[in-house]
């Protein structure tokens, strides 16, 4: 992670940040007549879209948010020569999703876009993080628990697989994910965090 940064790389990094500003949840909300930034938790991400609009809109939101991460890293790889630029593009699209300039720096929590980034940088780590997130969500019936667990695992996975510099990058990404879930953590501590979708149905089924 010690490559020089060219003008092309700088342009691609900026493009990646702007790509992160694309908000499929907001667009889907407008199509369905819902202000996703005011409805529910106010978070323009997959989980809130699922709660407030439905599975079809949530599926589109999830797919587009993942693809943003994928495209950004591929731009760094094939347009700007790869290496450290891939990681910078991945970071830029991730930050653009969370703090979008076009939405007054109020964006999503970065899980789907971060997953897209991880899958291109190291698909094995991406799949491990996906399994950790899924296990956390299934065991707790809370999507936020899975996301937080994955955030904690990011630096560990990159450190073990690729060494200290990558662990530090993973720590930066993981801490942002955890910080973005600080309100969820508060609700979890107070036992106020809602279950969602399939988990709610499973819970009702057990109560019958």
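The values are calculated or read from the model by the stated rules, or taken from the named source; none is laboratory data. Small disclaimer: the values here were computed from a predicted structure and weren't measured. Cβ atoms come from the backbone with ideal geometry, glycine included; neighbour counts cover every protein chain shown.
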Worksheet, complete the sentence: Selection over the range 24-34 where residues are in contact with a helix residue (DSSP H, G or I) (Cβ under 7 Å, 6 or more places away or on another chain) and either part of a loop (DSSP other than H, G, I, E, B) or not assigned by TED's automatic domain parsing to the domain that holds residue 92 (or both) yields a count of 2
Discussion item. Can you report the number of residues in the range 35-57 which are buried (at least 20 other Cβ atoms within 10 Å of the Cβ), without any contact (Cβ under 8 Å) to a residue 60 or more places away in the chain and part of a loop (DSSP other than H, G, I, E, B)?
Written reply: 2
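Could you please let me know if residue 66 is assigned by TED's automatic domain parsing to the domain that holds residue 101 and either modelled with pLDDT under 95 or surrounded by fewer than 19 Cβ atoms within 10 Å (Cβ to Cβ) (or both)? Break it down stepwise before answering.
Values: assigned by TED's automatic domain parsing to the domain that holds residue 101: yes; either modelled with pLDDT under 95 or surrounded by fewer than 19 Cβ atoms within 10 Å (Cβ to Cβ) (or both): no.
So residue 66 fails the test.
Of all the residues that make up the range 170-182, how many are over 19 Å from residue 130 (Cβ atoms) and touching a residue at least 40 places away in the same chain (Cβ under 8 Å)? Before you say what the answer is, go through the steps one by one.
To start, the set of residues in the range 170-182 that are over 19 Å from residue 130 (Cβ atoms) comprises 171-172, 175, 179, 182.
Pick out the ones that are also touching a residue at least 40 places away in the same chain (Cβ under 8 Å) and you get 172.
Going through the range 170-182 one residue at a time, the tally reaches 1.
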Discussion item. Restricting to the range 73-108, count the residues that are under 14 Å from the mean Cα position of the chain (by Cα) and free of Cβ contacts under 8 Å to residues at least 12 places away in the same chain.
Written reply: 1
Discussion item. It is to be established whether one or more residues within the range 13-23 are in contact with a helix residue (DSSP H, G or I) (Cβ under 9 Å, 6 or more places away or on another chain), in a helix (DSSP H, G or I) and under 12 Å from residue 107 (Cα atoms).
Written reply: yes
Worksheet item: Can you spot a residue in the range 51-62 that is under 17 Å from the mean Cα position of the chain (by Cα), modelled with pLDDT of 90 or more and under 30 Å from residue 9 (Cβ atoms)?
Response: yes
Discussion item. Just the residues that are free of Cβ contacts under 8 Å to residues at least 24 places away in the same chain and farther than 17 Å from residue 173 by Cα, please, taken from the range 113-137.
Written reply: 131, 134, 135, 136
Discussion item. I want to confirm something. Restricting to the range 161-186 and keeping residues that are in contact with a helix residue (DSSP H, G or I) (Cβ under 8 Å, 6 or more places away or on another chain) and surrounded by fewer than 20 Cβ atoms within 10 Å (Cβ to Cβ), which single residue is nearest to residue 62 (Cα to Cα)?
Written reply: 178
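One line per residue, one yes/no per condition, for (1) outside the structural domain of residue 11 (by TED's automatic domain parsing); (2) more than 17 Å from residue 41 (Cβ to Cβ); (3) at pLDDT below 95; (4) in a helix (DSSP H, G or I):
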site: 87; (1), (2), (3), (4): no, yes, no, yes
site: 94; (1), (2), (3), (4): no, yes, no, yes
site: 107; (1), (2), (3), (4): no, no, yes, no
site: 114; (1), (2), (3), (4): no, yes, no, yes
site: 117; (1), (2), (3), (4): no, yes, no, yes
site: 131; (1), (2), (3), (4): yes, yes, no, yes
site: 135; (1), (2), (3), (4): yes, yes, no, yes
site: 139; (1), (2), (3), (4): yes, yes, yes, yes
site: 144; (1), (2), (3), (4): yes, no, yes, yes
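When you scan the range 151-160, do you find a residue that is assigned to a helix (DSSP H, G or I), modelled with pLDDT of 95 or more and farther than 22 Å from residue 70 by Cα, even just one? Break it down stepwise before answering.
Restricting attention to the range 151-160, the residues satisfying the condition of being assigned to a helix (DSSP H, G or I) are 151-160.
Adding the requirement that they be modelled with pLDDT of 95 or more leaves 151-160.
Still in the list and also farther than 22 Å from residue 70 by Cα: 160.
So far as the range 151-160 goes, yes, one or more of its residues are assigned to a helix (DSSP H, G or I), modelled with pLDDT of 95 or more and farther than 22 Å from residue 70 by Cα.
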